Amino acid sequence: MAFTRKRKSESVSAVDEATTPAKRAARSPASTPATPAAGEKRGRGRPRKYPQGSTPARPEGPKRGRGRPPKNPSVTATPKATPKAATKSTTPSSSSRGRGRPKKSTGQNGADESTPTLKPSVNTNDDTGPSYWLLKAEPESRMEKGKDVKFSIDDLRDAKEPEPWDGVRNPVARKHMQSMKKGDLAFFYHSNCRVPGIAGVMEIVQESSPDESALDPEHPYYDKKSTRDDPKWVVIHVEFRRKFDNLISLNELKSHADAKAPLEHLQTLKQTRLSVSAVSPGEWGFIMGLVKEGGDKESEENSSKANAEAENGDAEPSE
C-alpha cells in the first residue's frame, strides 16, 4: 500500500496542536506589531514598530530617565533614624565591641583617656631623694697605649681628693653622666676581671664638666673629634663611701633578673657593655639588701653615710 507524502505546508506541527487558544490569540495579526512599510528593506533582528521616518508619540508625564526614579516631592520625607552611635554610651562595653581599633574617649578636661600612660624611666626619683647609678671600672691591670688603666674601689678609697671619672666614650653613658646631680649615689662595679660584680658605693660630689682626657693625645682614650671649643665628652667627680665585705657578683645579680623578679629591668644586665647605667630606687634597695655584712670595722666606719642614705633614706642631696 502506497503512502502519499504530505507537503510541509499541509502538515500541522505538534507545537501548534499543543498551543492553547490564549496563546494562539496572542499570536494573532491584531496583536502583532506593525510591519515595516512596503518597499522598506528588511534588516536583521526585530522588525520596526513604526514606519521609517515617523516619530513615535512620547507618553504623557515627566520624561523617564535611567536609574532610580526621582522621589515624589508631594510625599513627606520620612525622618532619618537616629544614628546608633548617638544613643550608645561613650564608654565601649565588652558586649557591644565592634571590629577594628576602639574609638578614643575624651575626658572632661579634653585629655585623651584612651592613651596609655607612659612607663616612668628606670631612675625617676622625687625632688627629696638622690638618683642612683652604676659605674664600671677595671680593678685588674691592663695596658692601653703604654698606660695602666687599672682602677679599683681600693684606689678610690685611698684617693685624697675627689676622683674624676673620665674615659667614658659612649653616648648613652655620657647622657647619664650629664643627668647626675651632686649628692647622687652610685654602685662601684668591678668589670673585666675574674669575678665581676658590685664592690661598694660612692657619691657624686661634682657634676659633669668637659673631659680633658679626650684632648690629650697621650691619654689612652684620646678623641681627636673632641676640641676645647666643642668638647664631646664629660667627666664627673666621685668620692668613696663604702666597700662591701663581700662582692655582689654578676651571677648573683642575674639570679634575681628572671621575669617579674626585682632585677628584671636592671639596665646593666640588659646593656652589658654600657659602663654607666641607671638604677631605680627599688633596684637599689633590693641590691643593698643583698649585702652580706662582715667584721671589717674600717669598712663600717667609712660606709656610715652610705648606710644612712641607702637604707634609712634620711639623708638629703647636697646643694
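Quick note: the coordinates plus some simple rules give every number you see, no bench work behind them. Quick caveat: nothing in here was measured; it's all calculated off a predicted structure. When we count neighbours, we look across all protein chains shown, and the Cβ atoms used for this are built from the backbone with ideal geometry, even at glycine.
Around the amide H of VAL234, modelled in the peptide plane, lie the amide H atoms of ASP211, all under 5 Å away and 5 or more residues distant in sequence or on another chain. Of the GluC sites (Glu not before Pro) found in the stretch 191-279, those that fall in a DSSP loop while having at most 15 other beta-carbon atoms within 10 Å are GLU218, GLU264. Residues whose amide H comes within less than 5 Å of that of VAL201, counting only those at least five positions distant or on another chain, are PHE188, ARG241, ARG242, LYS243, PHE244 (H built at 1.01 Å from N in the peptide plane).
Indicate the gyration tensor shape class of the stretch 132-312 (rounded, prolate or oblate), computed on the Cα atoms with a ≥ b ≥ c the square roots of the eigenvalues: a/c under 1.5 is rounded; otherwise a/b larger than b/c is prolate and the rest oblate. Note, shape of the stretch 132-312 comes out prolate. The relative contact order of the stretch 132-312 comes to 25 percent, based on Cα pairs under 8 Å that sit 6 or more residues apart.
Model label sites at ASP158 and LEU269, defined 7 Å from Cα along the beta-carbon direction, differ in position by 3.4 nm. Annotation: the residues HIS190, HIS256, sorted from fewest to most other C-beta atoms within 10 Å of their own C-beta, follow the order HIS256, HIS190. Remark: the GLU144-LYS224 segment gains 27.1 nm on full extension, using 0.36 nm per residue and subtracting the alpha carbon distance.
Among beta bridges identified by DSSP and lying wholly in the stretch 132-312, the antiparallel ones come to about 80 percent.
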